[in-house]
Amino acid sequence: MSVKSPFEDLREEHAALLREMQDLHSSVRGLAGAETSSLGGAGVVRDELEMFRRRLRVHFRREEEGLFPEARRMVSEGAKGADVFGSFFAEEAEDDMSAHAALASRAEEMVQLTSEIEDAGGADEGSARKLLALSNLTAGLLQRHAAKEDSLIFPMLEKSLTQEQVDDVRSRLHQIGSDRDLGAEGEEGLGQLGGDSDS
Ligand SMILES: [Fe+2]
Ligand SMILES: [Fe+2]
């Protein structure tokens, strides 16, 4: 039986996160009054956003702590073609981390704003417009993030890492846990996921 590639796992996470973002955007449009569909209210949307934000955070952690260290190590060990790959990867990894930070902030802002809307008993024109804009921005950032990794960074690493390195990545990802493991208990259910800065 063949073992699933860790890259396959991360790609599937991208697809799942993108689907969730799409659903979230519909909920946000409902909340903002842009659609007349029935809505669950700001509390429901805020809970959905909170879960999405947690999943994002786990996904980023899997990449930053599970995947990138292997690539960095390989580059520093002077693997074949490491010079070209090294500078490429250093740039892309940095770019990717900024994208993670930007996405995390936007998701955080969305949670915050939805809480305010909930407290106010509904969205007014200003908050509705802001929430929609934030949602659009977040969706765009996520799409770019996923497309770039799926089509550029992952294929590059897939070609460059040895089977042993891929196995190391897989076991680190396994140790960190998956964003799909998040249940009602949130990140508590995941191994080693501590140090929440916002608790
Ligand atoms: Fe990433
Ligand atoms: Fe990613």
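I need the Debye-formula profile for the stretch 90-160: one equal scatterer per C-alpha, no solvent, reported as log10 I(q)/I(0) at q = 0.18, 0.26, 0.27 1/Å, two decimals. Debye output, listed in q order: -0.73, -1.10, -1.15.
Binning all Cα-Cα separations of the stretch 6-179 at 10 Å, short to long from zero, yields these whole-percent fractions: 10, 36, 27, 16, 9, 2, 0.
Using θ = phi - 60° in the Karplus curve 6.51 cos²θ - 1.76 cosθ + 1.60, the 3J(HN,Hα) couplings for the stretch 20-29 round to 5, 4, 5, 4, 4, 4, 4, 4, 5, 4 Hz; x is entered for Gly and Pro.
Read-outs throughout are calculated quantities, based only on the coordinates presented, and are distinct from any laboratory measurement. Here the structure is a predicted model, which means the values were calculated and not measured.
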